[in-house]
1. Run down A:A158, A:A204, A:A150, A:A164 and say which single residue is surrounded by fewer than 18 Cβ atoms within 10 Å (Cβ to Cβ) and either in a helix (DSSP H, G or I) or not acidic (D, E) (or both).
2. Checking B:D95 against (1) of a type outside the set (A, V, I, L, M); (2) surrounded by 22 or more Cβ atoms within 10 Å (Cβ to Cβ); (3) over 29 Å from B:Q203 (Cβ atoms); (4) not assigned by TED's automatic domain parsing to the domain that holds B:V280: exactly one of these is not met. Which one?
3. Filter the stretch A:140-179 down to the residues that are β-branched (V, I, T) and more than 14 Å from chain B (Cβ to nearest Cβ) and list them by number.
4. What's the number of the only condition in (1) closer than 28 Å to A:I78 by Cβ; (2) buried (at least 17 other Cβ atoms within 10 Å of the Cβ); (3) within 12 Å of chain B (Cβ to nearest Cβ) that A:Y137 fails to meet?
5. From the set of residues in the stretch B:310-319 that are surrounded by fewer than 22 Cβ atoms within 10 Å (Cβ to Cβ) and not polar (S, T, N, Q), which is nearest to the other protein chains (Cβ to nearest Cβ)?
6. How many residues does the stretch A:105-117 contain that are in a helix (DSSP H, G or I) and at the interface with chain B (Cβ under 10 Å from one of its Cβ atoms)?
7. Which ones in the stretch B:1-28 are more than 14 Å from chain A (Cβ to nearest Cβ) and buried (at least 19 other Cβ atoms within 10 Å of the Cβ)?
8. Out of curiosity, is A:T131 more than 19 Å from A:L183 (Cβ to Cβ), among the hydroxyl-bearing types (S, T, Y), without any contact (Cβ under 8 Å) to a residue 40 or more places away in the chain and within 13 Å of chain B (Cβ to nearest Cβ)?
Amino acid sequence: MSNIVNVSQLTKTLGNVRIIDDVSFNIEKGEFLAIQGPSGSGKTTLLGLLAGLEKADDGNIVVADKELTSMTEDELAIFRRYNVGFVFQSFNLIPTLNVVENIALPLFPEHISRKIMFERAGEVAKAVGLTQRLDHYPNELSGGEQQRVAVARSLINAPNLIFADEPTGNLDSKTGQMVVELLRKLNSDRGQTVVLVTHDDRIAKESDRIIKLLDGRIVHEN
Amino acid sequence: MFYYAIKELLKRKKLYLLNVMTIGLVALMIITLNSLANAYREAARLPFQDIQGNIIIQRNGNVPETTSGVLLSCSLAPIPQDLVSQISKNDGVKDISTALALWVFDPDNFKRVSGVDFHDNFGKTLAAKLIDGSIPSTDNQILADKTYAQKYSLAVGRETTISGRQFTVAGIVGTAGNEVMASDIYLNLGAAQEMAYQSENLQQVETFNKTDVNIIFVNVSQPDLKTVTQDIKVIVTGSGMNAGKTPLGQTIGGYNIYTPESFENQISTIFRISDKLTWVISLVLFVGAAIIVSRNSLRIILERRREFGIMKTVGFKNRDIQIEVNLETFIQILAGFFAGLILSSIAVVVLSHTTVSIAIPWELTAYPHFLLSNPSEANVTQMHPLPIGLEPLYVFASLAIIMAVGLVTSFLSVWQINKFKPMEVMRHE
């Protein structure tokens, strides 16, 4: 199977602290990868680098055959729109938009009609079981529902990669498990590569592979 | 993006209300203050409507020692025809009218008598106020003011005596007592000049020639008003114009030149100031609004930084977010502007129901104080509805200033948004 992510000798320093220290690894297409490590080990920074949200100081990142380190901010934005979906611990939904609008958010900068936009969002909402909640606003939803909206939003452009940063961190274990199952289902049904950052060993065990980080270095990989 | 902007503004309307209110207030102040200043400027022209001119020239005269017979309306001095000719040569002068205002102290009553050329502009304006009869066709005919005619039972065809001479009433005019040059009797200018020329009492006070007048009405197109007024000032202060002595040995008086500006100064000092300080007021409003709106907008942007972080994360370019925020600013600007425009329209309608009082200078409606039962009756005031309207110029000016506020706000907002690093925003949860 071919690689969707190739990382080599990646380094990122914040102030005097080397957050990512000479990290190299690959991710295969369709893989469900978990990244684990204690707080401050560099997990979120690594995710940011892979998504082009942070600039690397040194090294190379190739995602979906695109070299991120040489891309401009605008090119990276377009890259994220079509290649990367994001799911965060705190859901990060726009409070003034309802479910269908939040799901359609990545389509807003595109010049497509609202009808088409919301039709596509409705289809994705169906895939994550949110068809009854399309008109609701984030503050009217449970934590699990909000996270499903976030997952649906990450799927709207059918990206190659889904980055999930502690997606179960703000959920009870049962709801967290349902969200992981949803990600796992998307991975198996749609073949989308999922990179999951988690503290939770039980969730990490459901992945195809685990990378463990400590002080910005990969200390274990299986 | 427009849809998103509308949703944002409606869902968080309390946050944006301050901006809309500030912008509305700026529009209201700019439109209303300037329209009000303009209305007072227009009001200052209203007394000139009665004379079909916009410059009035008179000359200061001397006070007579006795009040009997025919005198020049106090305290006016004769103006030679030579001056009328010189002024009429000015290119900016559209037309010129002259009159002779007299006080006639007859044994049975006092009357104000005006000699008028019924074929010049002033005379035609007077003729338009005819309510009975016709304008005098001979020097023996007169027009009587309606109030005076009622008081002395004069009607068309009746005879009356002025300074010992018999005149027939040719017509009755309905002039208001507070008009410029309001008189009891109007007769041909030549007849009035002859009457003045023959008056011994008058000739003792001033040297009056047969063709002299004591009031000139000059009609000038509005753009030329300042230049022509200045030219006339040069003429009347020129050599020979003020030289000489009266028969009593007093110095011949200088000239008074009245323009709408003369009335502007007295009807509203505040709006005269505001008119002159338009640019300063506009600048203060612009700076004040820019500070309030920008600060509020930046505060909102800071509150929404996570939202912008999310947008960048899901693939919005900086430019997309800038467009979104600028669109929101533009909608607030328009909402505020239209709110201000509606409020201004209401203010203009309310103000149009108020009146403005314009005190007419004594010399333009002179009446002997000692003949009045109440001295305050001598103070002639015209009351006019305030001629205020919604001026398109000020509407556009307010829009331009508000747009400038919007541009400053957009610039600062864009600068603030560009500083956000999505990972920093997302990291601090």
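The values are calculated or read from the model by the stated rules, or taken from the named source; none is laboratory data. These numbers were taken from a predicted model, which means no experiment stands behind them. Please note: Cβ atoms are built from the backbone with ideal geometry, for glycine as well, and neighbour counts cover all protein chains shown.
1. Of A:A158, A:A204, A:A150, A:A164, the one residue that is surrounded by fewer than 18 Cβ atoms within 10 Å (Cβ to Cβ) and either in a helix (DSSP H, G or I) or not acidic (D, E) (or both) is A:A158.
2. (2)
3. Selection gives A:T168, A:T175, A:V179.
4. (1)
5. B:K317
6. Count: 5.
7. B:N19, B:V20, B:T22, B:I23, B:G24, B:V26, B:A27, B:L28
8. The answer is no for A:T131.
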